[in-house]
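Notes for the one structure printed next.
The values are calculated or read from the model by the stated rules, or taken from the named source; none is laboratory data. Just so you know, these numbers come straight off a predicted model, no measurement behind them. Cβ atoms come from the backbone with ideal geometry, glycine included; neighbour counts cover every protein chain shown.
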Amino acid sequence: MATAQPTLLLNGKPPQAGLELRLAESYTLHRLHEKPDANAFLSAHGAEIDGIVAPAPVGASAALIEALPNLRVIAGFGVGFDQVDQSAALRRGVKVSNTPDVLNECVADHAFALLLDVARGVAASDRFVRRGDWLKGRFPLGMRVSGKKLGVLGLGRIGRAVAQRASGFGMEVGYCNRRPADDVPYAWHGTPVELARWCDFVVITAAGGDSTRHLVGREAIDALGPRGVLVNVARGSVVDEVALIEALQERRIAGAGLDVYEREPHVAAGLRVLDNVVLTPHIASGTEETRAAMADLVVDNLSSFFTSGRLITPVPWSPA
């Protein structure tokens, strides 16, 4: 007798078009985000679900995990896992995977794109030309990037890729982690404030979650100073957004490049009206090559789990 296909719940549309088709070939697939009444669906079919597939910004809440009594695995599409309720997953013995490494290079590329844009006014000067303002005068001078000091907040896989790119610009690199890394030549700074006080540009690549919420607050933002630039390609929760907006409005820092926000996809009006901030819609990993590789890893994690009971890339707190 043939073994029934495992049943998966897709919690949010994945940012790679082909993934749904691939999953539907091997699994019974339900799309929770398309159900007119999600709670009614979970009440009727929750016991059928073996696994969840979810984009990292959506994850899986404690309520969702508890609504699925036979849930065994959560496969995240993305490197972040802060939106998966850790306590609920561990209590239920649910294994959790993410898609690390395959997006490092593109996220680091995007971080530098934001840094260069803010410093040199690329997007702002584009708007300047399109408005016809060049006919009225010259565009304001920008800031040099080469030879400056770059601070990396969170020297993990992506942070190291950012630091590597800085070497091509002749930049001095420093970083802030919980503890110094013994395999890098960069200077360690013990707190975000110390790092910000030292550098010209700070790029945030730290993990999200409760432990890093508002890690970059008013004091660290002010420590950057009126010539400093903040770039965030990590999680919006790492930065105190209210304090950042006030600093940008009052020109206590020169500018910011943001790919992530505290209430995505809602971006604060205070950010949207400022000309010294560059805003992108959480697309740092948004290349065809990277999204395809992320989809491959989601599929491979699920295949490995349902075949052997083991994950290829479990998140740090999940058993393999």
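Key figures
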quantity: Some residue of region 253-264 being at pLDDT 95 or above, over 19 Å from the mean Cα position of the chain (by Cα), in a strand (DSSP E or B) and of a type outside the set (S, T, N, Q); calculated: yes
quantity: Test set (1) in contact (Cβ under 8 Å) with a residue 40 or more places away in the chain; (2) surrounded by 15 or more Cβ atoms within 10 Å (Cβ to Cβ) - residue 171 fails condition number; calculated: (1)
quantity: Condition check for residue 92: more than 26 Å from residue 225 (Cβ to Cβ) and basic (Lys, Arg); calculated: yes
quantity: Residue selected from region 280-297 under the condition closer than 15 Å to residue 75 by Cα and of a type in the set (A, V, I, L, M, F, W, C), by the criterion surrounded by the most Cβ atoms within 10 Å (Cβ to Cβ); calculated: 294
quantity: Any hit, region 287-301, residues being in a loop (DSSP other than H, G, I, E, B) and under 19 Å from the mean Cα position of the chain (by Cα); calculated: yes
quantity: Some residue of region 40-49 being under 24 Å from residue 213 (Cβ atoms) and not small (Gly, Ala, Ser); calculated: no
quantity: Some residue of region 258-266 being assigned by TED's automatic domain parsing to the domain that holds residue 160, touching a residue at least 40 places away in the same chain (Cβ under 8 Å), under 23 Å from residue 119 (Cα atoms) and not polar (S, T, N, Q); calculated: yes
quantity: In region 31-78, residue farthest from residue 236 (Cα to Cα) [restricted to those that are buried (at least 19 other Cβ atoms within 10 Å of the Cβ) and not aliphatic (A, V, I, L, M)]; calculated: 50
quantity: Strands (runs of 3 or more DSSP E) within region 15-112 that include 1 or more residues closer than 15 Å to residue 298 by Cβ and touching a residue at least 40 places away in the same chain (Cβ under 8 Å); calculated: 51-55, 73-77, 95-97
quantity: Identity of the residue in region 162-179, in a loop (DSSP other than H, G, I, E, B) and under 23 Å from the mean Cα position of the chain (by Cα), that ends up farthest from residue 207 (Cα to Cα); calculated: 179
quantity: Meets criteria (touching a strand residue (DSSP E or B) at 6+ places or on another chain (Cβ under 8 Å) and assigned to a helix (DSSP H, G or I)) for residue 117; calculated: yes
quantity: Any hit, region 298-317, residues being touching a Leu at 6+ places or on another chain (Cβ under 7 Å), closer than 28 Å to residue 122 by Cα and buried (at least 20 other Cβ atoms within 10 Å of the Cβ); calculated: no
quantity: Meets criteria (surrounded by 15 or more Cβ atoms within 10 Å (Cβ to Cβ), outside the structural domain of residue 73 (by TED's automatic domain parsing) and outside any helix (DSSP H, G or I)) for residue 230; calculated: yes
quantity: Meets criteria (surrounded by fewer than 18 Cβ atoms within 10 Å (Cβ to Cβ) and at pLDDT below 95) for residue 133; calculated: no
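So that you can scan it fast, the table gives a plain yes or no per residue for (1) closer than 16 Å to residue 234 by Cβ; (2) among the aliphatic types (A, V, I, L, M):
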position	(1), (2)
256	yes, yes
263	yes, no
269	no, yes
275	no, no
